[in-house]
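Single-structure report; data block below.
The values are calculated or read from the model by the stated rules, or taken from the named source; none is laboratory data. Remember, it's a predicted structure, so these values are computed and weren't measured experimentally. Cβ coordinates were reconstructed from backbone atoms using ideal geometry, including for glycine residues, and neighbour counts include every protein chain displayed.
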Amino acid sequence: MAAPSITPPPPDTKPRLAVYKFSSCDGCQLSLLNLEEQLLSLVSAVEIAYFLEARRRVLPPPYDVGLVEGSISTPEEEHRIRQARRDCKFLVAIGACATSGGIQALRNWANLTEYMGAVYPSPQYIKSLETATPIASHVFVDFELRGCPVNPIHLLELISAMLAGRKPNIPTYSLCIQCKRLGYPCVMVAGGQPCLGPITQAGCGALCPGCHRACYGCFGPMEQPNMPPLSRRLESLGLSARDVKRRLRSFNGYLEPFKQTSDHYEQLEQHRQW
């Protein structure tokens, strides 16, 4: 998503940062905390006004930047994200849950009542939306950072760009570019593994291919992914329609075009079963 122009704050004031949590595992907030040494410089450059994972002190809005982790899965979260949008000048969705619905969006293809009955002893007390959806499905988002979890260096780059009044420099090309730059052999060509790297946005540093494992699409689809050729390649490696569908329905399964392609393979699966 293209970032709007950002006007840096006056030199005598610090921009105010808010970090919100919705339905998620807290992993993206921990990515920010794991910056460690860089976090000390960040704290001196911004005022952390709202960040319940890190401190109990809460300053009232408005906030200059809001970082949002998690998907919208309950009616209460629907209300809170609208309030967060009103409170923040610049709202950023961070991580797979916030940008695509995350793992919890897998329920969007299932029967929610059956899920709740299997998990909770008293499901009648659970208030949940029928679907788990990304932040952008409810409010306008100024920028999105992909990943499960989000890359902490990307977080640092985003906040640094805000302070400098420039556009964040976040890659949108495929993971294959990172593999080539690092000199890794292609796990699909050389190893015959069903890798999603050709259609996945770079950002993890090619972590799985660096361990001789296929990419699982943690950073979601790259800019303009070419899905049909990769789908045919996965089939040629022996994956069934069900296998391709399940491989696409993971961290970013509800994000287009992963969703479109997995829905197509679900129809093929049902047709062949019939």
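A single member of Glu130, Glu144 is under 24 Å from Lys245 (Cβ atoms) and of a type outside the set (A, V, I, L, M, F, W, C), and it is Glu130.
Just a yes or no: is a residue in segment 188-202 over 14 Å from His212 (Cα atoms), assigned to a loop (DSSP other than H, G, I, E, B), within 16 Å of the chain's Cα centre (by Cα) and not assigned by TED's automatic domain parsing to the domain that holds Asp142? Quick ask: steps written out before the conclusion?
Applying the first criterion (over 14 Å from His212 (Cα atoms)) to segment 188-202 yields 198-202.
Pick out the ones that are also assigned to a loop (DSSP other than H, G, I, E, B) and you get 202.
Checking which are within 16 Å of the chain's Cα centre (by Cα) leaves us with 202.
From the residues that got through so far, the ones that are not assigned by TED's automatic domain parsing to the domain that holds Asp142 too are 202.
Taking every residue of segment 188-202 in turn, at least one turns out to be over 14 Å from His212 (Cα atoms), assigned to a loop (DSSP other than H, G, I, E, B), within 16 Å of the chain's Cα centre (by Cα) and not assigned by TED's automatic domain parsing to the domain that holds Asp142.
Any idea which residue in segment 232-263 is surrounded by the fewest Cβ atoms within 10 Å (Cβ to Cβ), counting only those that are touching a Phe, Trp or Tyr at 6+ places or on another chain (Cβ under 8 Å) and within 13 Å of Cys195 (Cβ to Cβ)?
First, pick out the residues of segment 232-263 that are touching a Phe, Trp or Tyr at 6+ places or on another chain (Cβ under 8 Å): 241-242, 244-245, 247-252.
Among the residues that remain, those that are also within 13 Å of Cys195 (Cβ to Cβ) are: 244, 247-248.
Numbers: Val244: 24, Arg247: 20, Leu248: 28.
Out of the qualifying residues, it is Arg247.
Scan segment 122-129 and tell me whether some residue there is part of a helix (DSSP H, G or I), of a type in the set (Ser, Thr, Tyr) and within 17 Å of the chain's Cα centre (by Cα). Before you say what the answer is, go through the steps one by one.
Filtering segment 122-129 for residues part of a helix (DSSP H, G or I) gives 123-125.
Right, trim to of a type in the set (Ser, Thr, Tyr) and you get 125.
Still in the list and also within 17 Å of the chain's Cα centre (by Cα): none.
No, segment 122-129 has no match at all.
Would you say Val141 is modelled with pLDDT of 95 or more, in contact with a Phe, Trp or Tyr (Cβ under 6 Å, 6 or more places away or on another chain) and aliphatic (A, V, I, L, M)? No: the conditions fail for Val141. Contact annotation: residue pairs with Cβ atoms under 8 Å, 6 or more positions apart or on different chains, pairing a residue in segment 147-165 that is surrounded by fewer than 19 Cβ atoms within 10 Å (Cβ to Cβ) with a partner that is of a type in the set (D, E, K, R), are Ala161/Lys167.
Only one entry of Ala132, Ala93 meets the criterion of being over 27 Å from Leu35 (Cα atoms), crowded, with 16+ Cβ neighbours inside 10 Å, touching a residue at least 40 places away in the same chain (Cβ under 8 Å) and in contact with a helix residue (DSSP H, G or I) (Cβ under 6 Å, 6 or more places away or on another chain), and that entry is Ala132. Only a single item in (1) buried (at least 18 other Cβ atoms within 10 Å of the Cβ); (2) closer than 29 Å to Phe258 by Cα is not met by Arg85, and it is number (1). Within segment 1-25, residues that are surrounded by 20 or more Cβ atoms within 10 Å (Cβ to Cβ) sit with their Cβ atoms under 6 Å from residues that are aromatic (Phe, Trp, Tyr) and modelled with pLDDT of 95 or more, at 6+ positions apart or across chains, in these pairs: Arg16/Tyr63; Ala18/Tyr50; Ala18/Tyr63; Val19/Phe51. Residue check: is Phe258 touching a Leu at 6+ places or on another chain (Cβ under 7 Å) and in contact (Cβ under 8 Å) with a residue 24 or more places away in the chain? Yes, satisfied. Would you check if Ala206 is surrounded by 21 or more Cβ atoms within 10 Å (Cβ to Cβ) and without any contact (Cβ under 8 Å) to a residue 60 or more places away in the chain? Against the criterion (surrounded by 21 or more Cβ atoms within 10 Å (Cβ to Cβ) and without any contact (Cβ under 8 Å) to a residue 60 or more places away in the chain), Ala206 qualifies.
Would you say Gly238 is among the small types (Gly, Ala, Ser) and either over 30 Å from Leu30 (Cβ atoms) or not in a loop (DSSP other than H, G, I, E, B) (or both)?
Values: among the small types (Gly, Ala, Ser): yes; either over 30 Å from Leu30 (Cβ atoms) or not in a loop (DSSP other than H, G, I, E, B) (or both): yes.
It is true that Gly238 is among the small types (Gly, Ala, Ser) and either over 30 Å from Leu30 (Cβ atoms) or not in a loop (DSSP other than H, G, I, E, B) (or both).
Of the residues making up segment 41-58, those that are surrounded by 11 or more Cβ atoms within 10 Å (Cβ to Cβ) and more than 12 Å from Val19 (Cα to Cα) are Ser41, Leu42, Val43, Ala45, Val46. Exactly one residue out of Asn169, Asn111 is surrounded by fewer than 18 Cβ atoms within 10 Å (Cβ to Cβ) and out of contact with any helix residue (DSSP H, G or I) (no Cβ under 7 Å at 6 or more places or on another chain), and it is Asn111.
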